[in-house]
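First comes the structure, then the notes that go with it.
The values are calculated or read from the model by the stated rules, or taken from the named source; none is laboratory data. The shown structure was predicted, so the numbers you read here are calculated from the model rather than taken from an experiment. Glycine also receives a Cβ, built like all others from the backbone with ideal geometry; neighbour counts cover every protein chain displayed. SASA here: full protein model, heavy atoms, side chains in, ligands and nucleic acids out. Shrake-Rupley method; radii C 1.70, N 1.55, O 1.52, S 1.80 Å.
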Amino acid sequence: MASSDTRGSLCRTSRTRTRHWTADAIPDLGGRVHVVPGATGGPGLATTRALALRGGRVVLAVRDEERGRRAVAGLTGPPLDRLPDDGRVVTVSSPVHRQGRLRLGDPAGERGYAPTAFSNGSKPANAVFGHELHRRLTAAGRPVRSVLAHPGYTATALRTKDVTGLARFFYGRIGNPLLAQRPERGALPQLYAATAPEAGGGDFIGPDGPGGLRGFPTRVKPSAAAADPEAGRRLWDLSEELTGVRYGLTAS
C-alpha cells in the first residue's frame with residue numbers, strides 16, 4: 001500500500017498519464033471477476049460492457065432479474081472474503097457527497113423519510129465507507145486496494161423517473177440532453193479506478209472538468225467529512241450490525 005509521500009508522487013504522475021483517459025486503455029482482464037451494481041443501464045451498463053470487452057468476467061448486481069437478463073443479452077463482448085493480492089474494491093459515490101448528510105442515527109428513515117434527502121445521504125456514506133475500507137486494509141497489511149470514484153453529472157433515467165413538474169422538465173429537456181455526459185463518459189472514472197495500474201488505495205477518481213461534473217478521469221479531493229476516521233468507524237460498526245457480515249478488518 002502506498003505511503004502518503006508516494007501517493008503524492010502518483011498524483012503528479014497521474015496528471016500526465018490520465019489526460020483524456022478512455023476505456024480503450026483498459027488492459028486485458030482475462031481471469032478477473034468484476035461485480036457491477038446497477039448494471040442494467042447508465043454508467044453501470046457501460047462499465048459492464050467495457051469490462052466484458054476486455055475479457056473480464058462480470059457479475060451483474062441488479063434489482064430486476066429480467067432487466068439483468070436483457071442487459072446480458074444485449075452485451076457485445078465475451079466479493080470480500082478472499083480477493084487476490086492485486087484485487088480492488090471500487091466504491092462509487094457522487095459530487096453530492098459534499099452536500100449530503102450521513103444519517104447514522106436513522107439509516108432506514110423510520111423517523112421520517114424523504115427520497116431526495118436519503119438518496120443524497122447515501123453519497124457521503126459511500127465515500128466514508130471507501131475511505132474506512134482503505135484504512136482497515138492498510139492496517140491489516142492487505143495489498144487489496146480500496147479506490148473511490150464518481151461519474152460526475154451523467155445522463156441516467158434516475159434523474160427523470162421519480163421527479164415531477166419543473167424538475168422533470170429540467171432534467172428531461174435540459175439537464176440530461178444538454179448538460180450531462182453520456183453514460184460511456186460517466187463510466188470512465190470507475191473504470192479507471194478498477195483497472196488503471198496507477199490508481200492507488202484511498203484515491204478518489206472523478207472527472208477533471210469544472211466542479212468535477214464532466215471530463216476525463218483524474219484524482220480528486222474528497223470532502224473532509226468523507227475522510228473522517230470516527231465517521232468511518234461508526235458507519236462500519238453500523239453496517240456490520242445491520243448485515244450480520246464481518247470481515248475481520250479492525251480499525252487502524
(message) What figure, in Å² to the nearest 10, do you get for the accessible area of residue 91 with a 1.4 Å probe and non-protein molecules left out?
(response) 20 Å²
(request) List the residues whose amide H sits under 5 Å from the amide H of residue 61, counting only those 5 or more places along or on another chain, with H placed 1.01 Å from N in the peptide plane. (result) 36, 38, 39
(request) List the equivalent ellipsoid semi-axes of region 33-98 in whole Å, largest first, each obtained as the square root of 5λ for an eigenvalue λ of the Cα gyration tensor. (result) 20, 17, 12
(message) Net charge around residue 238, counting only other residues with Cβ within less than 12 Å of its Cβ (Lys, Arg = +1; Asp, Glu = -1)?
(response) -2
(message) So if I take the centroid of the Cα atoms in region 122-151 and the same for region 192-227, what is the distance between those two points in Å?
(response) 13 Å
(message) What is the percent carbon and sulfur in the accessible area of region 204-251, measuring with a 1.4 Å probe over the protein chains and ignoring ligands?
(response) 55 percent
